[in-house]
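Engineer: First the structure, then my questions, so here it is.
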Amino acid sequence: MVQDPESADRSVFNRLRRAYLLALSLIALALIAEQILVNGFLESQENDANIVNVAGRQRMLSQLIAKRSVFRFFEQRNSVEIATETEEWLTRHEWLKRQLFDHPVFPKLNELDPTMQRMLALIDGVKTTSLDSIRARPQDAVLLDRSKAEQRVEEIDSLSEVFLERMDAIVAEVSVTASGKVGKLQQTKWWLVLISLGILLLEALFIFRPINRFVRRQFSRLAAEKDAQVTARAEAERASKERERSLAELQSLNQAIDEAALFATLRQDGAIIYLSRKFRAVLGLRDNPKERLLSELLHPDEGEQTYFANLFNTARAASWRGEWLIIDAAGAEHWLEVALIPARQRGSTTELFLLASEVTERKRARQALDLLNQERLLEEVERGKQRSRQITEAQEKERLRIARDLHDGIGQQLTSLKFSLESLRPDTPERNAEKIRQLRELSKEIIRSVRMATFNLAPPELTDYGLVAALEKMASELSRLTGERIVFQNKGFVGRLEPTAEINLYRIIQEAVNNAIKYAGANYILISLSSGESLLSITIDDDGEGFDPEEVAEEASGGGHGLANMEDRIHDINGRIFLRSDPESGTRITINVPI
């Protein structure tokens, strides 16, 4: 898709304008941030200066209070001054604690509280023992009180020195903190300067240079457009001639569409503006029915007419595609594939283009195909029901066979064992010995029959160890129990299959071997198992009497050799079974199952 050059230039200009405004905004933010930081630092510095001044005032007050207390000892005055200065001293100390609450020197300020309290107590003591009061007392008491007062003055002077040293240390730490703030401010100011310079550099690279190229490109394009206008005049004259020729071709094309296409132009309410000749022919109309509602011509039923009218109303906002069943004036049905497309705007009126193609024959063919598929589906369902009946009958026959084997085989043997036990007589030991030997043989035969029936019902090797182990066990057990030669060969298959596949394959092979023993009278049966990358192949060969596979396949009940049951099982596991039988060479059954 080719983009309009003017639109592209407008997009470039808008992008550059946004970038320029962003750069100016960043510079303004940097300047505002600098002013905020500087003002905040100045306020902080003013606060730090006040703290230093107050701390200096505190040092001065401590010295002044100590001196006034000494003067007070020698003359009864300065009481008001000391009280005022002491009050100021305490007030400023509390103010310092509030201002430096989160400062590391706060604990040191708290440590000054006992020193100040001691000094105040000593100052009060000096007040009560002034020089005039000492002179008014006896000589011995005067000497004692004077000595105590001098000690208090010396202690006041010592505490004042301690207060002064500690306050000097506090002021030094506050000064270091203020100096650190100045360093941080200078570093922050340099970062802001670097950011501003970086923004200016980015503006030069990504704004002013592109603007320069943009302006040059505009001048070049204006010059090219001036040259192109001269060429455009010649092209316009040639295009005018081409337009006249195209109009003639368009008129011919409209006539062809009118004859060959189903086309209509409609108002927003579905009224006909234009209807092609072929569309009129489909509807069974002769003339162009202008101003009539198309919905009234498409179907005689009022409900269908309302449906078509709603479609026309909906298609004003967006295109619509679908199939219509219409009935012409003669009552014949037609299937149309229809597209409704909103056309150009004329004030508040929207026109609709209707494009259609008749698909009646295709629709009928599809309906016939659907009917055929439905019939096939019904046939498949019926076939499934028949297969279910066959499986049920096969299960019932299997139960009947097991019951017959138990009754005719094990049941009769147990009855014979019972009669033989009852025939034993204590007075005929020689005959009893022979009968006991016969009873042993009969017991062995009963045990063999029970094992045979149990093995046929549920071999434990299949569940525990898989198909290969179960087939080996089946071959050896059937050989021992029937006296026939049954051989199993595994040609490289290892691993396990899904439980359902193993059970179905085992039952199919068991059915084939039992058929070979019972019906074919085989003396030698070979079971071979081999596998490739994606296919497992099993063959069962016997040397018995063959049969006609077609006759067996036609048996609907699934009886005979159980071929229908075998096919159902192999179908369940997506396998295939092949049967080849000959009366002279025996039977071969091949089973292929995807791995």
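Engineer: Filter segment 523-552 down to residues that are at pLDDT below 85, outside any helix (DSSP H, G or I) and hydrophobic (A, V, I, L, M, F, W, C), then give me how many there are.
Structural biologist: 1
Engineer: Looking only at residues in segment 317-340 that are of a type in the set (D, E, K, R) and closer than 12 Å to Leu283 by Cα, which one is most open to solvent (accessible area, probe 1.4 Å)?
Structural biologist: It comes out as Glu333.
Engineer: While we're looking at this one, here's another question. Kindly list, by first and then second residue, each pair from a residue in segment 330-359 that is closer than 17 Å to Leu266 by Cβ to a residue that is at pLDDT 85 or above and among the basic types (Lys, Arg), limited to pairs with Cβ atoms under 9 Å and residues at least 6 apart or on different chains.
Structural biologist: Close Cβ pairs satisfying both conditions: Val338/Arg321; Ala339/Arg321; Leu340/Arg321.
Engineer: Please work out which residue is farthest from Asp541 (Cα to Cα), limiting yourself to segment 493-522 and to residues that are out of contact with any Gly (no Cβ under 9 Å at 6 or more places or on another chain) and assigned to a loop (DSSP other than H, G, I, E, B).
Structural biologist: Top of the filtered list is Glu498.
Rundown of residues vs (1) open to solvent by 30 Å² or more (accessible area, probe 1.4 Å); (2) under 52 Å from the mean Cα position of the chain (by Cα), yes/no style:
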site: Thr428; (1), (2): yes, no
site: Arg448; (1), (2): yes, no
site: Leu462; (1), (2): no, yes
site: Leu467; (1), (2): no, yes
site: Glu472; (1), (2): yes, yes
site: Arg485; (1), (2): yes, no
site: Val494; (1), (2): yes, yes
site: Val513; (1), (2): no, no
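Engineer: Out of segment 186-210, which residues are open to solvent by less than 90 Å² (accessible area, probe 1.4 Å) and either touching a helix residue (DSSP H, G or I) at 6+ places or on another chain (Cβ under 6 Å) or farther than 15 Å from Leu22 by Cα (or both)?
Structural biologist: Residues satisfying the conditions are Thr188, Leu192, Val193, Ile195, Ser196, Ile199, Glu203, Ile207, Pro210.
The values are calculated or read from the model by the stated rules, or taken from the named source; none is laboratory data. Worth saying up front: this structure is predicted, and the values here are computed from it rather than measured. Every residue, glycine among them, receives a Cβ derived from its backbone with ideal geometry; neighbour counts consider all protein chains shown. Keep in mind that these areas ignore ligands, DNA and RNA; they rest on the heavy atoms of the full protein, side chains included. Shrake-Rupley method; radii C 1.70, N 1.55, O 1.52, S 1.80 Å.
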